[in-house]
């Protein structure tokens with residue numbers, strides 16, 4: 001046995017011999033550190049000793065690790081450092097000590113770049129082991145894996161059979177759009193192999209390989225085995241994940257395409273798109289441009305999205321999105337095995353249940369259904385505009401995002417379900433009792449319980465075919481296609497005849513509405529999950545999406561020989577209806593004097609005054625819940641034990657009549673889980689009352705919560721405002737958002753209430769002006785309180801105040817600091833600039849909060865409280881910021897952080913817990 005050769009004799013050693021020496025030394029050190037019964041660092045350390053300290057430093061100059069030579073600290077990483085000094089000596093043929101560059105005075109460690117291109121892999125390993133801080137160096141088991149794995153130690157475009165990808169290295173697509181590598185999600189320490197966007201600063205993972213089998217260390221290796229299959233190995237060379245290709249490849253190559261598709265192909269294959277395997281066939285929670293969602297009928301392969309279990313756990317959750325293979329295929333969202341939402345069948349233009357899916361400038365889309373495949377696909381129109389779809393398991397939502405490069409954020413573009421009525425089969429069979437049907441159970445038929453559905457007013461019989469006809473229903477979502485039949489070659493007349501000749505047929509329509517309509521779709525049995533989408537029969541694109549949809553009903557549509565008789569019957573019926581209407585009109589006018597013809601807008605149940613008096617115990621003070629600007633609110637109990645809240649317009653107030661009308665008309669058209677539900681109204685004489693669902697936990701300003709509940713309330717309010725501003729059929733500005741107008745149901749879900757001040761905007765209108773400023777001191781945006789200008793950003797400002805109050809447990813109005821006389825906004829901004837924002841946080845949150853979440857919410861509140869409305873985010877951005885960890889822009893100067901002596905705050909009076917809405921304030 002001889003020592004390593006010196007500099008002169010080292011020249012005779014070839015690379016193969018040098019490499020074998022390097023690997024042998026590494027394996028021996030690995031044995032000493034990990035594989036031997038004792039953990040040895042040349043001092044016979046016990047197994048329980050991981051590191052130690054000594055006052056007597058021994059060793060050889062040039063090989064000693066910094067923390068050992070300076071501080072006497074030794075551990076297994078000591079000889080990792082020494083090993084790499086030795087490795088440099090073997091590579092260069094020089095010693096570290098005394099090997100100084102003549103001009104620069106650098107020893108071997110500072111001079112190795114001159115041979116960087118010749119020995120890249122080994123030099124890369126040496127650099128990893130020569131890290132200044134010992135915790136950054138790999139252990140010897142990882143060094144051995146790197147030496148024997150021929151891993152990619154620098155960015156590369158593909159992996160061949162004699163290469164591998166280890167943790168810490170990446171594979172990048174040709175144009176640099178996507179990257180494949182190892183990552184740890186959220187707060188997890190587990191390692192996963194995934195794909196994410198390479199040029200987007202917000203790390204956005206779009207695919208995960210080992211979703212069900214995380215790697216618990218940093219020794220993950222991706223490689224192709226001898227059979228040409230792709231495998232992911234963990235520390236002990238155990239298989240964490242693998243793929244099986246349909247045929248064996250002689251020269252397998254792994255490549256990440258510019259689309260984000262990871263493919264395994266044979267390098268000798270003439271057709272470069274003939275893949276042995278591709279990640280696009282096995283999507284995770286994200287749908288990318290060019291990815292097919294659906295079925296390959298030839299192989300039985302299903303491509304379905306499944307949400308992550310949580311932001312920290314990418315394993316498959318309950319929420320999924322895919323195509324159901326009925327005779328009329330449709331896309332469904334499921335929670336576990338239960339259908340949660342469905343799109344309705346494709347009609348050649350779009351899905352009848354997604355009226356917002358329309359031609360746009362961001363992406364195009366298509367649905368393909370033939371004997372080989374059934375799938376839905378989209379393509380980004382411009383390479384510079386990136387769009388993706390993700391399943392959000394936290395919100396149980398399908399979300400489409402678009403990357404906004406100027407703001408460096410993902411902007412929310414589309415969400416599904418849109419509202420509560422999108423929930424699958426919410427109203428039972430035949431929806432909310434379409435024409436010719438009645439509630440199956442009158443006892444349970446109310447605004448909260450429709451699930452038992454409807455039945456025909458008169459049952460049909462196959463013996464009465466001459467009395468059976470069809471009525472055209474325009475603007476409806478197509479029913480569940482589980483029990484349907486499809487023929488693409490039939491015309492509508494043939495489709496009608498086929499339905500008439502089958503006693504089980506309930507409805508029919510064209511399967512394709514393009515070019516006047518073609519094909520035949522027939523439904524058998526009860527019509528499930530049908531709902532009115534557009535009363536005019538047009539969605540946002542201006543097309544009749546349900547053109548020529550027919551449904552069986554129980555009025556007579558006789559054949560041609562009896563047509564005249566039908567006309568006579570109809571004319572007589574209409575005449576009777578007109579006469580009856582004229583007789584009834586004086587009574588209605590008397591009953592609703594103050595509305596003067598607006599009753600046609602009030603599609604709500606009418607409650608008699610006697611019913612309300614009985615329910616509220618004659619407006620007993622014991623039933624009083626509170627009082628707002630327009631009058632008191634009482635708790636009531638109906639005869640069926642249902643609890644209600646009654647908002648009674650004050651008789652003595654000359655204000656509020658128009659606001660009362662506004663609230664009835666407005667809320668009747670809104671449905672959202674975070675908006676309070678209006679059950680009905682009462683107008684008799686001078687009495688004007690609104691009947692709401694009762695919120696047992698009253699309003700937000702009555703409670704002190706832990707952080708988790710506060711955060712859920714914040715998110716719920718944000719989603720409610722987003723619905724008002726962008727997702728409802730109307731664009732609505734609340735104008736009086738405050739703590740007392742946020743009610744809490746039995747599960748502590750927030751509900752935005754009191755729409756008396758709300759204003760409706762047109763689809764393109766974004767702001768307005770008024771000479772009559774209404775709202776509540778402490779919540780109004782500067783441009784509104786001073787100049788009467790209001791917009792959706794006015795509500796954003798109020799939301800910022802509300803968010804600040806929830807975080808601090810204090811009210812903005814009246815909360816002046818004893819030292820500097822600033823209100824809550826001023827205090828918060830001062831602490832933010834002094835880098836002490838958490839001093840503002842409610843002390844009740846001390847033991848229950850997540851500091852990073854609280855600080856992020858505080859940051860978002862400042863963005864909402866910007867002095868100039870154009871600097872504030874819209875609510876879609878706010879919702880996105882609340883549910884992501886993307887970097888936030890720095891806030892500018894805030895609006896209305898004033899002190900007691902400020903001219904703006906001089907109007908403020910002493911604060912009380914019983915806030916009163918301002919109904920008239922002169923604009924300045």
- Item | Failed item in (1) without any contact (Cβ under 8 Å) to a residue 60 or more places away in the chain; (2) outside any strand (DSSP E or B); (3) surrounded by 14 or more Cβ atoms within 10 Å (Cβ to Cβ), with residue 384 passing the rest | (3)
- Message: Just to be sure before I move on: is residue 341 assigned by TED's automatic domain parsing to the domain that holds residue 418, in contact with a strand residue (DSSP E or B) (Cβ under 8 Å, 6 or more places away or on another chain), crowded, with 20+ Cβ neighbours inside 10 Å and not in a loop (DSSP other than H, G, I, E, B) in the structure I sent?
- Response: yes
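Name the one entry in 366, 360 that is in a strand (DSSP E or B) and without any contact (Cβ under 8 Å) to a residue 24 or more places away in the chain. Walk me through how you get there before you give the answer.
Numbers: 360 fails: in a strand (DSSP E or B).
Result: 366 is the single residue among 366, 360 that is in a strand (DSSP E or B) and without any contact (Cβ under 8 Å) to a residue 24 or more places away in the chain.
Quick check on region 738-749: of everything there that is touching a strand residue (DSSP E or B) at 6+ places or on another chain (Cβ under 7 Å) and crowded, with 19+ Cβ neighbours inside 10 Å, which residue is farthest from residue 782 (Cα to Cα)? Don't jump to the end; show me each part of the working.
Our first condition is that a residue be touching a strand residue (DSSP E or B) at 6+ places or on another chain (Cβ under 7 Å); within region 738-749, this holds for 739-745.
Applying the additional criterion that residues be crowded, with 19+ Cβ neighbours inside 10 Å yields 739-744.
On the way: 739: 19, 740: 21, 741: 20, 742: 22, 743: 26, 744: 29 Å.
Across region 738-749, the extreme among qualifying residues is 744.
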- Confirm whether residue 876 is in contact with a strand residue (DSSP E or B) (Cβ under 8 Å, 6 or more places away or on another chain), assigned to a helix (DSSP H, G or I), farther than 17 Å from residue 187 by Cα and touching a residue at least 12 places away in the same chain (Cβ under 8 Å). yes
- Query: Any idea how many residues of region 605-644 are out of contact with any helix residue (DSSP H, G or I) (no Cβ under 6 Å at 6 or more places or on another chain), in contact (Cβ under 8 Å) with a residue 40 or more places away in the chain and not in a helix (DSSP H, G or I)?
  - Reply: 13
- The one condition in (1) in a strand (DSSP E or B); (2) at pLDDT below 65 that residue 444 fails to fulfil: (1)
- Message: Looking at region 739-750, can you tell me whether even one residue there is within 20 Å of the chain's Cα centre (by Cα), assigned to a strand (DSSP E or B) and not assigned by TED's automatic domain parsing to the domain that holds residue 645?
- Response: yes
- Message: Here is a list: 730, 700. Which entry is in contact with a strand residue (DSSP E or B) (Cβ under 6 Å, 6 or more places away or on another chain) and surrounded by fewer than 21 Cβ atoms within 10 Å (Cβ to Cβ)?
- Response: 730
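The values are calculated or read from the model by the stated rules, or taken from the named source; none is laboratory data. None of these values were measured; they are calculated from a predicted model. Positions of Cβ are backbone-derived with ideal geometry, glycine not excepted, and every protein chain shown enters the neighbour counts.
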